[in-house]
Amino acid sequence: MKLAIGTSFLVLMLSTQLIAQNSYVENLQAKFESYRQKNFQEKVFVHTDKSFYLAGEILWFKVYNVDGSFHKPIDLSKVVYVELLDSSYKPALQAKIGMVNASGDGSFFLPTTIHTGTYVLRAYTNWMKNFGSDFFFEKQVKIVNTIRPADNPPARDTNIYSIRFYPEGGSLISGLQSKVGFEILDQNGRGVQNCLGSIVDQNGDTVSRFIPYKFGIGNFNFKPIQGNKYRAIVRFENNTIVVQNLVDAMDQGFVMSTLDSGEKYVRVKVETNFNSSQTAYLFIHTRNKVDNIASITINQGTGYFAVDKNILGEGISHFTIFNSSMIPQCERLYFMRPSTLQIELNADQSEYGLRKKVNLETLVNDGNGQPITSDLSMSVFLVDSLQTYEPDDIVSYLWLRSDLKGFIESPGYYLSGPGDSIKVATDNLMLTHGWRRFIWENVLTKSDVPIEYIPEYEGHIVRARITGKKTNMPTEGILTYISVPGQKQMVGAATSDHNGFLHFNIRNFYGSEEMVIQPAEQKDSANRIDVYNPFFEKYSRSYFPKIKFDRLFEQNLVDKSVSTQVQNAYLSDQLRRFLNPPIDSGSFFGSPDRTYQLDDYVRFTSMEDVLREYVPEVDLRRVHGKLHLRVLKPEKGYFDEDPLTLLDGVPFFNADSIMAFDPLKIRRLDIKTRNYFLGTANIAGIVSFTTYKNDLSGFQLEPGALVVDYEGLQLKREFYSPVYDNDKQTSSRIPDFRNVLYWKPWLETDQSGKVSSTFYTSDQPGKYVAIVQGFSALGKAGYHMISFYVKK
């Protein structure tokens, strides 16, 4: 749309008739939609029971997985990887968490060997690894080891400050005024408030002054002059002075600014110092969903868009300005306060005695007063001088932290209310933490993000690679089997791709077990098989602030240490109870067509005699001096190919070796007399031998077999919560020093939006906080907190 005046104005409406007339706009939108569909995004959030721990305690957590654009729970990935990283980015603890209906839960026992310090708990799916670690969930937790002496790291200069400047739109342009956001942080990544700053030119003249507004973040206005050099001078309250050069302004270009124009519109001002008439396009998207596109003609250096807030999505929207060549020039974030799941949490009392029953009721509605079923988690814990409470909840994570780059101090503050001061602070946050989940160049050129990691939509995928032992080159087309021997046998098959990679889909594999990987043809033993670490070994830049203790807190720390040691001494069995995993006890290939319990038959001393005498479904043939098995087909005759032959779930490919095995060690023989598809393998029947102890009974594996210790999905630990509903239990002399009274990772409301929770207080008096948070099925997130007291 063109206007024959210097200042142009356009109100963005929902109609697309004007947009459709512009082939540039249609092309841009089509490219963006294509990129979004090919690069689907997930978000992971982790709710922990608290944030301060001692060595010897258990860190409990609940994992949520949602669609990155719509925030609806998504049952795509069946595994989430959770790690506890130390300040050197070394994993102290790791776990693979099985997901059911977009949720999962787990725990970490913090060993007495762990170091004191700030750790980062991070979580991600296999698919998320394609887009880098900046997209992973991260949360700081503090751990203190009172048994092991603390390390003495090199002394750090406490007067180190980080100062960064962020021109609105992205660049400074000579002769054009810009709003410039800034962020001033200390050595621990925390905002610094008590400081004064100024911008001076090469002559020492002050052209602008600034002070932080909140959390070390603020903004100032600045018009650079062509040819001038500028620097920032910041003076701190300890009289430290930091001088930093500003990036030189560009000679020509565009700048943009945004301003709320009442309740209905956001005004976007675009300026340029190009002399000729310029067409500018405004492209708006929210979490990769296109909201609208519009254009104006700038004739005298200035133009305006007015954006109807009704077209914007909730949360963070990206406003991008393109020039007439459809090259992005400026970008700005804008925040629309989201609606949330309304959660009400009520306790039956405000104070309780020791070892008394607590009743909590949770009520959830959709924000419009309608009750709704929800997937929630709840934690009730003691707050004190060490375990404080800082709002870092599921709502602020989804709407802020997951879509902004870098550390955000107290993210819950920005959603704590609609006040003007919060609005100003939030806009400053948008200025300084601008970021998107893609690169415009990739969108415009249709460059696909290289996909190395496939989604684990059925279960955990073991990734391996085959290369030549001598050439070290990848080997393609090698059918390879993976197996986990034992009581619950698991077998998979995959064929190596052109890069030699193998992807084995292993479902319901829990705990630590030995895993056997081997090629189907022993001639391929000239190749080497390497199993890849499923945890991502690239890390985003995280802050690990040093833990500092005031002398006033020392007694509290001693008391906590004694409580933890007492708990582990008296309740070691209760704290080590694990739930049985929800797995099918049957064979991986289902029901066999025929089963032989060998003890029901005459026992022969030769395996060949066993098969020939009373197993008609299996035929033995010698070809070129080698023994081969053939399985009888259901219709008529035998298969022409060897079946998949197993011993305790481990494939073997030399029939002579099983014939030499002692049949008295075999308890059962199962036979599948039809074709079976396993991964990339089309199998001509299955012959499965099982020993009495499911331990191979000394059978020698094939020469090309690789045996590795491998950790499957984490077994779920049972949260211990004692009951004191009679005098005998209440008067028990066993001390109860729990500081986490209740942890419920699976709390589901009914159709009326209600759910009740019951637990008992411990012997620890003090203030307790109860936190409940989670999702509705429609994707609304909610959070609520209450407190109560326990007194002696």
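Here is how the numbers come out for the structure above:
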{"read-out": "Out-of-range pairs (alpha-carbon distance over 32 Å; input Lys142/Lys229; Lys264/Lys538; Lys405/Lys791; Lys96/Lys780; Lys78/Lys744)", "value": "Lys142/Lys229; Lys264/Lys538; Lys405/Lys791"}
{"read-out": "Label-to-label distance, nm, for residues given as Thr302 and Lys469 (7 Å Cα→Cβ offset)", "value": "7.8"}
{"read-out": "Packing rank of 84-92, 705-713, 737-745, where each peptide gets the mean count of other beta carbons within 10 Å, highest leading", "value": "737-745, 705-713, 84-92"}
{"read-out": "Mean Cβ neighbour count within 10 Å, used as a protection proxy, ranking 233-244, 163-174 highest first", "value": "163-174, 233-244"}
{"read-out": "Share of Cα-Cα pairs in the range 161-336 lying beyond 25 Å, as whole percent", "value": "41"}
{"read-out": "Cα long-axis angle, helix 420-432 against the chain (0 to 90 degrees, to the nearest 10)", "value": "70"}
{"read-out": "Overall Cα dimensions of the range 649-792, principal axis frame, Å, largest first", "value": "74, 47, 28"}
{"read-out": "Computed label-point distance, nm, for sites Asp448 and Asn275 using a 7 Å Cα→Cβ extension", "value": "4.8"}
{"read-out": "Sequence-separation-based contact order of the range 161-336, relative, with Cα cut under 8 Å and 6+ spacing, percent", "value": "19"}
{"read-out": "Signed unit charges on C-beta, dipole axis of the chain, positive-most listed residue Phe319, Met490, Ser697", "value": "Phe319"}
{"read-out": "Nonlocal amide H pairs with Gly68, under 5 Å, H built at 1.01 Å", "value": "Gln41, Glu42, Lys43"}
{"read-out": "Cut-off under 5 Å, modelled amide H: who pairs with Met378 long-range", "value": "Lys744"}
{"read-out": "Calculated SAXS-style log₁₀ I(q)/I(0) at q = 0.13, 0.21 Å⁻¹ - the range 76-187, Debye, Cα scatterers", "value": "-0.76, -1.14"}
{"read-out": "Spin-label model distance (nm) - Asp348 vs Ser261, 7 Å beyond Cα toward Cβ", "value": "5.8"}
{"read-out": "Additional length obtainable on full extension of the chain from Ser208 to Asp134, 0.36 nm per residue less Cα span", "value": "23.3 nm"}
{"read-out": "Computed over the chain: relative contact order in percent, which uses C-alpha pairs under 8 Å that are six or more apart", "value": "16"}
{"read-out": "Calculated log₁₀ intensity ratio I(q)/I(0) where the Debye formula runs over C-alpha points of the chain, q = 0.11 Å⁻¹", "value": "-1.28"}
{"read-out": "Hull-based mean projected area of the range 482-524, where the convex hull spans the alpha carbons, in square nanometres", "value": "3.6"}
{"read-out": "Principal-axis tilt of helix 554-570 within the chain, Cα atoms, nearest 10 degrees", "value": "20"}
{"read-out": "Gained length - Ser198 relative to Ile225, 0.36 nm times residue gap less alpha-carbon distance", "value": "8.1 nm"}
{"read-out": "DSSP beta bridge pairing in the chain, given as percent antiparallel to the nearest 5", "value": "90"}
{"read-out": "Rotationally averaged projected area of the range 269-339 (alpha carbon convex hull; nm²)", "value": "4.6"}
{"read-out": "Folded to 0 to 90 degrees: helix 23-38 orientation relative to the chain principal axis, Cα", "value": "40"}
{"read-out": "P(r) tail fraction, the range 553-595 - alpha-carbon pairs more than 12 Å apart, %", "value": "75"}
{"read-out": "Order of Leu644, Leu444, Leu176 - criterion: other Cβ atoms within 10 Å of each residue's Cβ, fewest first", "value": "Leu444, Leu176, Leu644"}
{"read-out": "Gain on full stretching of the segment that runs from Asn368 to Arg551 - 0.36 nm per residue minus C-alpha separation", "value": "61.0 nm"}
{"read-out": "Efficiency of FRET from Cβ geometry, Ser512 and Asp656, R₀ 30 Å, rounded to 0.05", "value": "0.35"}
{"read-out": "Debye equation applied to the C-alpha atoms of the range 404-468, log10 I(q)/I(0) at 0.16, 0.18, 0.21, 0.29 Å⁻¹", "value": "-0.81, -0.85, -0.91, -1.26"}
{"read-out": "FRET efficiency estimate (nearest 0.05) - Cβ-Cβ, Lys356 to Asp559, R0 30 angstrom", "value": "0.90"}
{"read-out": "Charge-dipole axis of the chain as Lys and Arg at +1 and Asp and Glu at -1 on Cβ define it, positive-most pick from Ser34, Phe653, Tyr457", "value": "Ser34"}
{"read-out": "Check: the chain dipole with +1 on Lys, Arg Cβ and -1 on Asp, Glu Cβ, in debye", "value": "1040"}
{"read-out": "Cα-based reach from Lys546 at 17 Å (exclusive), listing aspartates and glutamates while leaving out same-chain residues under 8 positions away", "value": "Asp86, Asp151, Asp157, Asp186, Glu409, Glu554"}
{"read-out": "Interchain or long-range residues, amide H under 5 Å from Gly753's placed H", "value": "Ile372"}
{"read-out": "For a label point 7 Å along the Cα-to-beta-carbon line of Glu537, residues of the range 457-473 with backbone N under 17 Å", "value": "462-467"}
{"read-out": "Burial ranking of peptide ranges 110-120, 481-491, 693-703 (average Cβ count within 10 Å, highest at the top)", "value": "481-491, 110-120, 693-703"}
{"read-out": "Cβ-Cβ FRET estimate between Val602 and Gln487, R0 fixed at 45 Å, reported to 0.05", "value": "0.95"}
{"read-out": "Under the Karplus curve 6.51 cos²θ - 1.76 cosθ + 1.60, θ = phi - 60°, whole-Hz ³J(HN,Hα) for the range 285-302, x wherever Gly or Pro sits", "value": "9, 10, 6, 6, 9, 5, 8, 5, 9, 8, 9, 9, 10, 9, 9, 10, x, 9"}
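Rule-based calculations on the coordinates, nothing more; no lab input. Quick caveat, the model's predicted, so the values are computed rather than measured. Heads up, the Cβs are rebuilt from the backbone with ideal geometry, glycines too, and the neighbour counts pull from every protein chain shown.
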